[in-house]
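Taken together, the values in this text are just the output of simple stated rules run on the coordinates, not laboratory data. Here the structure is a predicted model, which means the values were calculated and not measured. Every residue, glycine among them, receives a Cβ derived from its backbone with ideal geometry; neighbour counts consider all protein chains shown.
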Amino acid sequence: MTETKKILAIESSCDETSFAVLEASGGLAAPKITLLHHLITSQIAVHRPFGGVVPNLAKREHLKNLPFLYNELRAKGFDIRTMDLVAVTVGPGLEPALWTGINFAKALAAAYKKPILGVNHLEGHLYSFLFSDAAQTRSFPLLFPAIGLIVSGGHTMLLRMPSLETWKIIGSTLDDAAGEAYDKVARLLSLPYPGGPELEKLAKKGNAAAIAFPRPMLNRKNYDFSFSGLKTAVLYHLKKQEKLSARMKADVAAAFQEAVIDVLVKKTERALAAYGGKALILAGGVAGNRSLRNELAALAKKEHIPFFVPGNAMNTDNAAMIGAAAYIHTLRRKRSYPLKANGNLSL
Ligand code: KG4
Ligand code: ZN
C-alpha cells in the first residue's frame, strides 16, 4: 500500500486561474488520482478585444480571481489543514501571471506550515493523461516505452517515455507551436481569440482538398516540426484572393488544419515505429481538437496500442494536471524547481 497524498494545486501561467484538490495514491506502478474539487476561471473575455493574452491584464485578473476562487473552494468545504502539499506552476508561461499563483501558494503554505512544490506546466500537460478513461483501467508497467505528443499554444513536442517518470524529448517545433499556428491563422481569417477552437469549427464547413498547403518538415528524417512557413503560405494564399467568400475561408481553415494534423500524425507514427512505442499519449490545448484526436486514436488502433488523451477541460490549462504532475514529482525524487517564475522553463 502506498501512502495517500492530499494535494492543493494552483495554476496561473497564462489566462486561466485554477485550483484543484486531489487525493493521489498507488505510487508509480499504478497511480490513482481522485479529483475532489476543480475550479477554473478563464479570462478569454478580458483578452479577446486585444486578440491575444496581455500579460499585465492577466496578472490583474489572477490577483482578483485567486482569492475569489479560494473562497469558493472553502465554501465547498475545503480545509487547507487537511492537505499534505501545496503545488503551484512555476513555468513556463507569462512571468507576471506565474508570480501571482506562486505568491498566493507561498502565503498559504507559510500560514498553515504546509510543504510547497513548484511544478513545471509542461509536466502538468504530460500527466493530464492520468485523467483519461484509459488510464483508469490499465496497468502502467505494460505501457512503456510510450510516445507522448504535447501540443499547446506555446509548445509542440514528441517525447519518448521509457517509464512513467522519465522522458526524453525526441523532437520539437523550430518556430511556432501548433496552437500558436492555429491562433495566427485564425487571426488572418478574422476569427476571435482564442483561434484554435474557432478555426476547428470553421474547418468542418470547408473542403480540405480545395487548397494544397505545404507539409513542413514532413520529409525530414527527424521528429522536429515547423509551422511558421505554413502560416506564411496561408497568408500568401489569402493575399492573392480578390474577394474572400465565407466558403473560401472555410476551405482555407480545412486545408490548413489538414496540413497541421497530417504532419503531427505522420511524425508520431514514425516515432512509434522507431522506438517500439507500446502506448500513445496526447496532451495540451490542441488535444481538444476532434480531428487530431480521431486520427491519433485511429493510429493507435491500427498499431494495437492504447491511446491516452485527457477528457474535456483537462486539455487546456487547469490545476488538476498540475496536481497530478506534483504527485508524480514527489515519487521520482528529482530535484525540485525553484519557487520563482521562470517563463522559459523547459521540460
Ligand atoms: O495548453 P493550452 O491551454 O495553453 C498553453 O499552455 O499554451 O493551449 C492553448 C492553445 C491555444 O493556442 C488554442 O488555440 C489551442 O490550444 N486550442 C486548439 C483547440 N483548442 C485549443 N487548437 C486547435 N483545435 C482546438 N480545438
Ligand atoms: Zn498549457
query: If you look at just the Cα atoms of the chain, how large are its Rg and its Dmax in Å?
result: 20.2, 68
task: Label the stretch 224-343 by shape, choosing from rounded, prolate and oblate, from the square roots a ≥ b ≥ c of the eigenvalues of the Cα gyration tensor; if a/c is under 1.5 it is rounded, and otherwise prolate applies when a/b is larger than b/c, oblate when it is not.
output: prolate
query: Relative to the Cα centre, what is the charge dipole magnitude of the chain, using +1 at the beta carbon of each Lys and Arg, -1 at the beta carbon of each Asp and Glu, and rounding to the nearest 20 debye?
result: 260 debye
query: Using Cα atoms only, what is the angle between the long axis of helix 228-240 and the major principal axis of the chain, expressed in degrees (0 to 90) to the nearest 10?
result: 40 degrees
- prompt: Cα axis of helix 290-302 to longest principal axis of the chain: angle in degrees, 0 to 90, nearest 10?
  reply: 80 degrees
- prompt: Taking square-rooted eigenvalues a ≥ b ≥ c of the alpha carbon gyration tensor, is the stretch 166-287 rounded, prolate or oblate, where a/c under 1.5 means rounded and, failing that, a/b exceeding b/c means prolate?
  reply: prolate
field: Value of D in µm² per second that Stokes-Einstein yields for the stretch 280-347, Kirkwood Rh from Cα pairs, at 25 °C (0.890 mPa s)
entry: 173 µm²/s
Cα-based Kirkwood hydrodynamic radius, the stretch 65-214, one decimal, Å: 18.9 Å
statement: Cβ density ranking, 10 Å radius, fewest first, applied to 60, 290 yields 290, 60
field: Reach of residue 239 by Cα under 19 Å, taken over aspartates and glutamates that are not fewer than 8 positions away in the same chain
entry: 183, 251
query: Relative to the present Cα-Cα distance, how much length would full extension add between residue 212 and residue 44 at 0.36 nm per residue of separation?
result: 57.2 nm
task: Return a whole-number percent for the relative contact order of the stretch 140-281, with Cα pairs under 8 Å and 6 or more residues apart as the contact set.
output: 30 percent
message: Can you give me the convex hull volume of the Cα atoms of the stretch 67-109, divided per residue and expressed in Å³?
response: 75 Å³
- request: May I ask you to derive the FRET efficiency for residue 222 and residue 262 from their Cβ-Cβ distance with R0 = 22 Å, giving the value to the nearest 0.05?
  value: 0.85
query: Across the Cα atoms of the stretch 147-208, what radius of gyration and what greatest pairwise Cα-Cα distance (Dmax) are found, in Å?
result: 14.6, 43
- prompt: Given H placed 1.01 Å from N in the peptide plane, which residues other than close sequence neighbours of residue 116 have an amide H under 5 Å from its amide H?
  reply: 86
statement: The FRET efficiency for residue 144 and residue 201, from their Cβ-Cβ distance with R0 = 45 Å and rounded to 0.05, is 0.80
- request: Measure nothing fancy, just the Cα-based angle from helix 55-75's long axis to the longest principal axis of the chain, in degrees from 0 to 90, nearest 10.
  value: 50 degrees
message: Give the lysines reachable from residue 278 as a straight Cα distance under 18 Å; neighbours fewer than 8 places away on the same chain don't count.
response: 168, 266, 267, 301, 302
task: Would you please give the FRET efficiency between residue 74 and residue 163, computed as 1/(1 + (r/R0)^6) with r the Cβ-Cβ distance and R0 = 25 Å, to the nearest 0.05?
output: 0.10
- prompt: Length gain on complete extension for the stretch residue 240 to residue 273, per 0.36 nm per residue less the alpha carbon to alpha carbon distance?
  reply: 7.8 nm
field: Full-extension gain in nm, residue 60 to residue 82, via 0.36 nm per residue minus C-alpha separation
entry: 4.9 nm
- request: With a/c under 1.5 counting as rounded, go ahead and sort the stretch 19-125 into rounded, prolate or oblate using the C-alpha gyration tensor (a ≥ b ≥ c being the square roots of the eigenvalues; past the cut-off, prolate if a/b is larger than b/c, else oblate).
  value: prolate
field: Value of [θ]222 nm, deg cm²/dmol, for the chain, DSSP H segments ≥ 4, -39500 (n - 2.57) each, nearest 500
entry: -13500 deg cm²/dmol
task: Note down the relative contact order for the chain as a percent, whole number, built from C-alpha pairs under 8 angstrom at least six residues apart.
output: 25 percent
